[in-house]
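Comments concern the structure below.
The values are calculated or read from the model by the stated rules, or taken from the named source; none is laboratory data. In this text the structure is predicted, and so the values were computed from the model without any measurement. A quick note on method: Cβ atoms are made from the backbone with ideal geometry, for glycine too, and the neighbour counts reach across all protein chains shown.
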Ligand SMILES: Nc1ncnc2c1ncn2[C@@H]1O[C@H](COP(=O)(O)OP(=O)(O)OP(=O)(O)O)[C@@H](O)[C@H]1O
Ligand SMILES: [Mg+2]
C-alpha cells in the first residue's frame, strides 16, 4: 500500500488537493471516499472534476438524492490527455445490497473510469470492489486531514 497525506485548512484548499491528486489516480480506479457528514468528500471531488476538465467546481454537487453523477473528462496534458469518465456516487441513502444492485456498479468499472464512492464503506461488496480509499478527517475548525491509500 502507498499512503499519501495532505492537510487542508479551507474548502478551497481541499479543492486544490483534489486537483493535485488526479496525478495519482490513473484510471481504471475505484475508490471509497470515507469521512463523516460534512467532512469534505464532495468538496474534494470538485477539485478532481476540475483537473479532469470534467466539470467546474460549482457544477459538482452532492449525489445524495441522484445517487450517481457522471462527467466526461480527460487526463491533464502531462498525463496524456486520454478520455476519462468520472463517476461520483453517494450511497448514504442506499439501505441494502438489493437497492445497491439497481445501481449497476459493476458496469462502471470501465478502463477509462474513475469511480469515487461516498459512504461506500457501508457495503462489504463495495469495499471488495474498491482499489484504495481517500479518508477525510476533521482536524479542528476548518482544517482537514486527507489520506489517500492506494495499492502498490
Ligand atoms: N477544509 C475544508 N475542506 C472541505 N470542506 C470544508 C473545509 N472547511 C470547511 N468546509 C465546509 O464543510 C462542508 C463540506 O461539505 P461536503 O459536502 O464536501 O461534505 P461531505 O463529506 O461530502 O458530506 P456528506 O457526507 O454529507 O456528503 C462544506 O460546507 C465546506 O464549505
Ligand atoms: Mg458529499
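Below is a table of values for the structure above.
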item: Every residue from the range 27-46 that is surrounded by fewer than 14 Cβ atoms within 10 Å (Cβ to Cβ) and closer than 21 Å to residue 126 by Cα; result: 36, 37
item: Matching residues, the range 5-18, being in contact with a helix residue (DSSP H, G or I) (Cβ under 9 Å, 6 or more places away or on another chain) and under 13 Å from residue 136 (Cβ atoms); result: 6, 7, 8, 11, 14, 15, 17, 18
item: Given (1) within 15 Å of residue 112 (Cβ to Cβ); (2) buried (at least 21 other Cβ atoms within 10 Å of the Cβ); (3) touching a strand residue (DSSP E or B) at 6+ places or on another chain (Cβ under 7 Å), index of the condition residue 22 fails; result: (3)
item: Residue satisfying all of: in the range 52-73; free of Cβ contacts under 8 Å to residues at least 24 places away in the same chain and in a helix (DSSP H, G or I); nearest to residue 142 (Cα to Cα) among these; result: 58
item: Matching entry among 114, 146, 94, 68 (being modelled with pLDDT of 95 or more, within 16 Å of ligand 2 (Cβ to nearest atom), under 17 Å from residue 20 (Cα atoms) and surrounded by 15 or more Cβ atoms within 10 Å (Cβ to Cβ)); result: 146
item: Hits in the range 74-86 - residues which are in contact with a strand residue (DSSP E or B) (Cβ under 8 Å, 6 or more places away or on another chain) and either within 16 Å of ligand 2 (Cβ to nearest atom) or in a helix (DSSP H, G or I) (or both); result: 86
item: Flag for residue 49 being under 16 Å from residue 117 (Cβ atoms), modelled with pLDDT of 95 or more and part of a loop (DSSP other than H, G, I, E, B); result: no
item: Failed item in (1) closer than 22 Å to residue 10 by Cα; (2) more than 15 Å from ligand 2 (Cβ to nearest atom); (3) in a helix (DSSP H, G or I), with residue 128 passing the rest; result: (1)
item: Qualifying position, being more than 16 Å from ligand 2 (Cβ to nearest atom) and over 18 Å from residue 126 (Cβ atoms), among 23, 55, 49; result: 23
item: Some residue of the range 59-73 being out of contact with any strand residue (DSSP E or B) (no Cβ under 9 Å at 6 or more places or on another chain) and farther than 19 Å from residue 39 by Cα; result: no
item: From 63, 83, residue being within 16 Å of ligand 1 (Cβ to nearest atom), within 18 Å of the chain's Cα centre (by Cα) and either at pLDDT 95 or above or under 22 Å from residue 124 (Cα atoms) (or both); result: 63
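Residue-wise test of (1) assigned to a helix (DSSP H, G or I); (2) free of Cβ contacts under 8 Å to residues at least 40 places away in the same chain; (3) crowded, with 17+ Cβ neighbours inside 10 Å.
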| position | (1), (2), (3) |
| --- | --- |
| 88 | no, no, yes |
| 99 | yes, yes, no |
| 106 | yes, yes, no |
| 152 | no, no, no |
